[in-house]
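J.: One structure coming up, written as structure tokens, with questions to follow.
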Amino acid sequence: MKKRMLSLGLAALFFALIFAGCAKPEKPATIETGVVENTEFNTVYIDGLTIDEFNAGGFSFGDSLNIRFDNGITIEDIPYYSGYYTPVGELLVCGYPGYPHVMIARNYGESPWEEFELTNSSRVTVTLNEKGKYLAIEELYAMSYSVKREDFDSDERFANFRAVKGGRLKENLFFRSASPCDNRLNRAPYANRFAEASGVRFVINLSDNEDKYQNHVSQADFQSQYYDGLYREGNVLLLALDANYRSDQFAQALSNAFFAMTEHEAPALIHCVEGKDRTGFACALLLALADATAQEIIDDYMITYDNYYGITKETKPEKYEAILRNVYDFLYCLCDAPKGTPVDSLALKEGAENYLRRGGLSDEQIRAVEQFIA
């Protein structure tokens, strides 16, 4: 009897293996939907789905994805990250915390909207290519920050507000911060208060245009009356730049803003939304014009990562080293130098002056900027 039961069990196992081998493989995760142009960050939104809804469709940060647009353009093996973790100019799919949609983007690059010839009626199909292919990179770079004041040890750190220091830059002449008017990160009232306490008289707002600014003012939680007073006096420049600091548009707008600054009263404040990357590049340019060293520019940039994420060379050395490539590319851009060039060998002031020339400033105007800042 025992032998018969054993034989039946083996037979059942045999047939189960056969049927398992004949079963159709599970289809990879697929989503098909529309697309929306996002001009603020030069990206393409995957429409109709939040990040959580997108992930619920079978995708996870660190996966490799395939993208097919209905115009026939197909891009295979694109990493899906929770932040902009690809090298500068490379394509990624990004679910950035705090933003409503998953984005298709080139890190600090041109918009995929034009590159892939998209329109408001375009459709996109996203398919899983390989599960977890880029998970090691996602885990190395992954970081998020709180929007709650109580999670930070000071108002200054929460607002990412500080004086820009380095080279021959005049003391307390320039400040940088998270946005003092856009309160999506809950930091605007704090940044506004520090701007007032620091006597800020002129602002370069890298992220907003007129419509966006008026939308901030209309919000029930708008508490940035000092900032709004500067705006009403004509002392706030609204540049509405995307993150592509290598573009001619960025160079022209920032160069003109730097010269306009010389015709206003100091101190000045530079900000975008987080006060991180667009602000970081603008401050790198400013510091290079003031004869700052590469290390001084790096140190200024990395303070933001300490403020937001607690990342320093000592606390999280691997993440710190990984993030450095962002600021290195700022310096390569200024000096038109190839990636991998030792940053200490770069002629930063000359490169910064050439960037302003590329932006349309004359030598006389560049001298005026340099005299104003140092």
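The values are calculated or read from the model by the stated rules, or taken from the named source; none is laboratory data. What you are looking at is a predicted structure, and each value in this text was computed from that prediction instead of being measured. Cβ: placed from backbone, ideal geometry, glycine included. Neighbour counts: every protein chain shown.
J.: If I go through segment 346-370 residue by residue, how many of them are among the small types (Gly, Ala, Ser), surrounded by 13 or more Cβ atoms within 10 Å (Cβ to Cβ) and farther than 9 Å from Cys335 by Cα?
T.: Count: 3.
J.: Scanning for something surrounded by 20 or more Cβ atoms within 10 Å (Cβ to Cβ) and over 26 Å from Asp221 (Cβ atoms), does segment 139-147 turn up at least one residue? Break it down into steps so the answer makes sense when it comes.
T.: Filtering segment 139-147 for residues surrounded by 20 or more Cβ atoms within 10 Å (Cβ to Cβ) gives none.
Scanning segment 139-147 turns up no residue that is surrounded by 20 or more Cβ atoms within 10 Å (Cβ to Cβ) and over 26 Å from Asp221 (Cβ atoms).
J.: Can you pull out every residue in segment 310-331 that is in contact with a Phe, Trp or Tyr (Cβ under 7 Å, 6 or more places away or on another chain) and not in a helix (DSSP H, G or I)?
T.: Those that are in contact with a Phe, Trp or Tyr (Cβ under 7 Å, 6 or more places away or on another chain) and not in a helix (DSSP H, G or I): Ile311, Thr312, Lys313.
J.: If I go through segment 196-208 residue by residue, how many of them are buried (at least 18 other Cβ atoms within 10 Å of the Cβ) and in a loop (DSSP other than H, G, I, E, B)?
T.: Within segment 196-208, residues that are buried (at least 18 other Cβ atoms within 10 Å of the Cβ) and in a loop (DSSP other than H, G, I, E, B) number 4.
J.: Out of (1) surrounded by fewer than 18 Cβ atoms within 10 Å (Cβ to Cβ); (2) within 25 Å of Tyr141 (Cα to Cα); (3) in contact with a Gly (Cβ under 9 Å, 6 or more places away or on another chain); (4) modelled with pLDDT under 95, what's the single condition that is false for Leu49?
T.: Condition (1) is where Leu49 drops out.
J.: Now a separate question. Among (1) at pLDDT 95 or above; (2) outside any strand (DSSP E or B); (3) surrounded by 17 or more Cβ atoms within 10 Å (Cβ to Cβ); (4) not β-branched (Val, Ile, Thr), where does Asn71 come up short?
T.: (3)
J.: Moving on to the next point. Just checking, which of Arg184, Arg168, Arg162, Arg193 is touching a Lys or Arg at 6+ places or on another chain (Cβ under 8 Å), touching a residue at least 24 places away in the same chain (Cβ under 8 Å) and either buried (at least 22 other Cβ atoms within 10 Å of the Cβ) or basic (Lys, Arg) (or both)?
T.: The match here is Arg162.
J.: If you go through segment 95-106 one residue at a time, do you hit one that is within 19 Å of Glu274 (Cα to Cα) and touching a Cys at 6+ places or on another chain (Cβ under 6 Å)?
T.: yes
J.: Here is a further query. Do the conditions hold for Asn160, that is, is it of a type in the set (S, T, N, Q), under 23 Å from the mean Cα position of the chain (by Cα) and at pLDDT 95 or above?
T.: Criteria met by Asn160.
J.: Also, quick follow-up: Looking only at residues in segment 78-104 that are in a loop (DSSP other than H, G, I, E, B) and among the aromatic types (Phe, Trp, Tyr), which one is nearest to Phe59 (Cα to Cα)? Walk me through it before giving the result.
T.: Residues of segment 78-104 in a loop (DSSP other than H, G, I, E, B): 82-90, 95-102.
Add one more test, that the residue is among the aromatic types (Phe, Trp, Tyr), and what stays is 84-85, 96, 99.
Values: Tyr84: 17, Tyr85: 17, Tyr96: 14, Tyr99: 17 Å.
It comes out as Tyr96.
J.: Can we say Asp329 is out of contact with any helix residue (DSSP H, G or I) (no Cβ under 8 Å at 6 or more places or on another chain), over 30 Å from Asp153 (Cβ atoms) and in contact (Cβ under 8 Å) with a residue 24 or more places away in the chain?
T.: Taking the combined requirement at face value, the residue satisfies it.
J.: In a strand (DSSP E or B) and farther than 26 Å from Cys333 by Cβ: is that true of Leu118 in this structure?
T.: When the stated conditions are applied, Leu118 does not pass them.
J.: Taking segment 320-349, which residues are farther than 27 Å from Asn172 by Cβ and among the charged types (D, E, K, R)?
T.: Glu321, Arg325, Asp329, Asp336, Lys339, Asp344 - these are the residues of segment 320-349 that are farther than 27 Å from Asn172 by Cβ and among the charged types (D, E, K, R).
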